[in-house]
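Read-outs: derived from the displayed coordinates by stated rules, not from any lab. Everything numeric here is computed off the predicted structure, so don't read it as measured data. A quick note on method: Cβ atoms are made from the backbone with ideal geometry, for glycine too, and the neighbour counts reach across all protein chains shown.
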Amino acid sequence: MKKTFHLRVNGVEREVICHPAKTLLAVLRDDIGFTASKECCGKGECGSCTVLIDDQPVCSCLLMVSQTENKEIITCEGIGTTENMDILQHAFVLEGAAQCGYCTPGFIVSAKSFLNDINEVPSKEHIKEALGGNLCRCTGYTKIIKAVETAAKMQFSMDEVKHG
Ligand code: FES
Ligand code: FES
């Protein structure tokens, strides 16, 4: 039986009427219209559906909508838009880090969480480890890692300018 759920997605309250077992990924895409998060494996193995829930990266294909009420949900659209891109999105463009682009939103969400949690430019190994839950079928890892490194350098040089 369908029920009403109240979700907070990208800073906006949303009311959704659906079956409680519907996945968060399906709700985001079908009911709310945020289609950046992609379904690939549907089993928590590829990371293409990654969103932030209360600042933690999670696979939205593994969560039922009923588990996500009263939580802060951020999708790639909430990290930045075409008109107002996040530093990571700029870096992905700059480094040409997307081929088909299917995995890209998931990588950006995971990388955002990673960059939020560190306080110095990470090594490539550290970036690889942090993004280990995200797979790219086009195997574009070298440029993805480089883009995250570039974003980290941009982030920390901006922080230096801000804080002196
Ligand atoms: S679609 Fe969710 S982890 Fe692959
Ligand atoms: S760019 Fe195609 S799956 Fe990663």
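Can you tell me which lysines have their Cα less than 30 Å from the Cα of Lys143? Leave out same-chain residues fewer than eight positions away.
By straight Cα distance, Lys143 reaches Lys38, Lys43, Lys112, Lys124, Lys128, Lys153, Lys162.
How many percent of all Cα-Cα pairs in segment 18-57 sit more than 11 Å apart?
Tail of the P(r) past 11 Å holds 65 percent of the pairs.
Mean shadow of segment 1-135, computed from the convex hull of its alpha carbons, in nm²?
8.3
Quick one: check the C-alpha center-to-center distance for segment 1-20 versus segment 66-117, whole angstrom.
22
Under the rule of at least 5 residues apart or a separate chain, name every residue whose amide H is placed under 5 Å from the amide H of Glu72.
Asp54
Under a Cβ-only charge scheme (Lys and Arg +1, Asp and Glu -1), can you give me the dipole magnitude of the chain about the Cα centre, in debye to the nearest 20?
About 500 debye.
In the chain, which whole DSSP H runs stretch at least 15 Å along their own axis (Cα) and average 0.0 or higher on the Kyte-Doolittle scale?
Qualifying helices, which must be both long enough and hydrophobic enough, are 104-117.
Amide H of Met64: which non-local residues (sequence gap of 5 or more, or other chain) have their own amide H closer than 5 Å, using H built in the peptide plane?
Sorted by chain and number, the residues that satisfy this are Leu24.
Share of antiparallel DSSP beta bridges in segment 1-141, in percent to the nearest 5?
90
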